[in-house]
Structures are given as C-alpha cells and as structure tokens.
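Below is one structure, written out as structure tokens; comments come after it.
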Amino acid sequence: MNEQLIDAVFKKMAEYKPALQKYLITDDDDDDGVDFRILGDLIIKNFPWPIGVELRRLFSGSMRQLDRSRLDQIFKTIERTMQFISFVLVAQLWEERMKNEIELPEDFTSQFESRFSVMTLGNYAWLIRSICKVFGQNDTDHFIIEKKEIFTKKFFEMLDFWVPERNEIGHYQINLMQDEIEKRCVEYEEKLKSILVAISFLVRYKLVTVRQINVMKQKHKLAQFNHHFDLLNSSDSDFKGTEVKHDVFIDSNAVLILKDFKVPNEFLNLSPLIIDTHTEIIDTKDKFNIKKDIFLYTKYQNNKILYVGTEVTGKCDLSFLSSYNDLVAQFNEMMSAILQPGLKAIS
C-alpha cells in the first residue's frame, strides 16, 4: 500500500544522499525488483526522529487497510512533519533576532503571539509561510539552505487543505462513511508524499542530542572539546551514540540540528521546542512518571510548557524535569525576542 510513497520519497532522498542510490540498483534477473521494506526502513532512519517515528507507524503491518486508523496516522504524520519544519524556522528566527539581523512587521508579531500559545496544523502552516516571507523580506539565508529554493508558493499551497477538527489524541471528531475514509486516505497520502519529497533534503542534516561535553587539555596545546551525541535518526528509540572532538564547543543538554559533524559549531538549537528526556536521572519520587522520549512543544499556558511525546501517547507532566525551569525561561526569552516590535538589539 505504501509503495508509491516510498518509491517517490526514497528516489528524492537518494538525490541528496548519493550513498542511498545503491539500494535502487537491482539485478536484471531479479523479478522482484527493489525491496520496499528496506527502502521504507531507510526512509524512517534518515528522516529526523519526530517524522521518522510517525512513518514507522504508517509503514507497519497494522496500517494496511484503508480504514480510520490509517487515515488518522497519515494525517498525524503530515501534522508532525509540519510541526518539525515550523520549529526549525522558529529556532532560526529567534537566533536572527538575537543577532540583531532581522526586523519583524507588527502584524507578524501580533499574529505570532496568538498562534504560538496553542499549536495546531493551521498554525504550523502559518508559521512556515510567514517566517519564510520574513526571511525573504530581510534577505536572510536559511540555516537549511535548500529551503530557499524549495519553499515556494507551490510548496505553501500544498500545506493548505481540508483540516477536520481533532481531539487530544488525534482522532477526527466528525463521522465519515467508509467510502469517504478511503477517499481521504488516498488524498492525504498523496499530500504526504508531496510534502516528504519536497523536504527530502533533511537527510543531509543530523538531529542530535548533546548529552555531555568534556574538556581535554594537554600541556602546551589548546583545549579540545569531546562532544557526546545521540543521533535522533533511527527506526527505534535506541539511538546510536557517537563522539566528536573539536576545538570549539556547542550547546549542551539540548536537541540540535547540525549541518556536519566535522563543523559542529554550525547548528540550530531546537530546545525548548524539542527536548529529549532520555538524559534525565530518575532520582526522586516526583520523577517516577517522567517517560524517556523525544517531546515537542504543543501549548504554553499559565507559565507552563506542555509537550507531546513521539512514542509516549498519553499525557506526561514534565514539570519535574531537572531542566524544566530552564526550559520555561528559554521559552520566555524566545517569545520576548520575537514579540518586541521594532526590535533592533537584545541587550
């Protein structure tokens, strides 16, 4: 059922990451052709985890019928993909404001404040479109350079489509007949395919958690910094760890998107919008309910950040995280930097 989606997305991924092209080569005597299970698993592993984990669910054996479960999962995958893209853009917008390199019109800041308090698919679409417009007006280079070419009017139009009301666990609140469900499955999978093909450039980048940075200093030599990364690109949550030594250090205890391990100082810090609780030490009774997962920001209310898990499906109170107060402070700093009209510098 997923073969057309997998075929289109993998071929585009292979253009950005030529090492993948070997999986498209088949023996002339092989009647079976390419193995779409392998290609599907590689798609899951090469997309950032928040997107990959939803694709893992979509490609599973339980999603092979054109039914309500598959429709919900297609829609959720679209939503999570747009959420991730919008958070990358917001993270760069914050950085540009802190560097005094971008101005925001008042109509943008007023809408941003109201839309960012509660995240919805419509608000993700607005963020992607509006921040790209602001970058264009300020002649700002995208951190992810491919966005400038790919994120055009045609791409923005793909993000605008029928959006039904959904409840807190992601199911439609309206009733659909079976033939309508089947129709929506086909329609939304085509929409998902187009979006994933457009953002296949993400395979060039690394989503990581910086667990720890150790300083190494030898006599008469400059210090080096040993970075302990977890790669958040996998088909399961047992993320691969790696170490990188460099003469500069980057943000620690954070989720980052990197251009290249060899140049670790070129990164975007996605915290507090995306956080990793795997590093939390459960050392008090209050922390017993904290789940180890990648969480994404979904709501800010009463000076409290609410998150949604990528594997954890139930509600999870993260207010007992050791870093929680820092996350709230970072969130308020981000909002202050973005919302001040006519801001020319942050002191």
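The values are calculated or read from the model by the stated rules, or taken from the named source; none is laboratory data. Bear in mind that the values here come from a model prediction, so they are computed numbers and not experimental data. Cβ sites come from the backbone with ideal geometry, for glycine too, and all protein chains shown count toward neighbours. Note: areas computed on protein heavy atoms with side chains; ligands, DNA, RNA excluded. Shrake-Rupley method; radii C 1.70, N 1.55, O 1.52, S 1.80 Å.
Please state, as a whole number in µm²/s, the translational diffusion coefficient that the Stokes-Einstein equation yields for the range 147-288 at 4 °C and 1.567 mPa s, with Rh defined as the Kirkwood radius across alpha carbon pairs.
Values: Rh = 19.1 Å.
For these conditions, the coefficient is 68 µm²/s.
At 1.4 Å probe size, with the rest of the protein present, what percent of the exposed accessible area of the range 1-146 is carbon and sulfur atoms?
Values: 2860 of 6470 Å².
Solvent-exposed carbon and sulfur of the range 1-146 make up 44 percent of the total.
Explain nothing, just the number: dipole magnitude of the chain about its Cα centre with +1 on each Lys and Arg Cβ and -1 on each Asp and Glu Cβ, in debye rounded to the nearest 20. Walk me through the numbers before you get to the answer.
Values: 45 positive and 53 negative charges, 201 e Å.
So the magnitude is around 960 debye.
Taking the Cα centre of the range 22-154 as origin and charging only Cβ (+1 Lys, Arg; -1 Asp, Glu), how large is the dipole, in debye to the nearest 20?
That gives a dipole near 620 debye.
Which stretch or stretches of the range 54-87 have amide N atoms under 18 Å from the point lying 7 Å from ARG37's Cα along the Cα→Cβ direction?
Of the residues in the range 54-87, 56-65 have backbone N under 18 Å from the label point off ARG37.
Rg/Rh for the range 55-148: what does it come to with C-alpha atoms and Rh from Kirkwood?
On the way: Rg = 16.4 Å, Rh = 15.0 Å.
A ratio of 1.10.
At 25 °C and a viscosity of 0.890 mPa s, what translational diffusion coefficient does Stokes-Einstein give for the range 205-347, taking Rh as the Kirkwood radius over Cα pairs? Give it in µm²/s as a whole number.
Details: Rh = 16.8 Å.
After rounding, the answer is 146 µm²/s.
In the range 28-127, which trypsin sites (Lys or Arg not before Pro) are in a loop and have at most 16 other Cβ atoms within 10 Å, using DSSP for the loop call? Don't skip to the answer; put the middle values down first.
Details: sites: ARG37, LYS45, ARG56, ARG57, ARG64, ARG68, ARG70, LYS76, ARG80, ARG97, LYS99, ARG115; in loops: ARG64, LYS99.
Sites meeting the loop and neighbour criteria: ARG64, LYS99.
What does the accessible area per residue of the chain come to in Å², with a 1.4 Å probe and no ligands, DNA or RNA counted? Provide the component values of the computation, followed by the final result.
On the way: 17560 Å² over 347 residues.
Result: 51 Å² per residue.
Kindly report, to the nearest 10 Å², the accessible surface of ILE305 as traced by a 1.4 Å probe over protein heavy atoms only.
10 Å²
Give me the Kirkwood hydrodynamic radius of the range 196-239 in Å, from all C-alpha pairs, to one decimal place?
Numbers: mean 1/r = 0.0758 Å⁻¹.
It works out to 13.2 Å.
What does the charge count near SER130 come to, summing +1 for each Lys or Arg and -1 for each Asp or Glu among other residues with Cβ under 12 Å from its Cβ?
Details: positive: ARG115, ARG129, LYS133; negative: ASP107.
Within the 12 Å Cβ shell, the charges total +2.
Using only alpha-carbon positions, what ratio does the radius of gyration of the chain give when scaled by 2.2 N^0.38 Å? Don't jump to the answer; show the numbers that get you there.
Numbers: Rg = 20.9 Å, N = 347, 2.2 N^0.38 = 20.3 Å.
For the chain, the normalised Cα radius of gyration is 1.03.
Quick check: net charge around ALA223, other residues with Cβ under 14 Å of its Cβ, Lys/Arg +1 and Asp/Glu -1? Write out the running numbers ahead of the final one.
Numbers: positive: LYS217, LYS219, LYS221, LYS245; negative: ASP247.
Surrounding charge for ALA223 is +3.
Accessible area of the range 224-302 with a 1.4 Å probe: how many percent of it is carbon plus sulfur? Please report the intermediate quantities before stating the final value.
Details: 1690 of 3880 Å².
On the range 224-302, the fraction of accessible area on carbon and sulfur atoms equals 44 percent.
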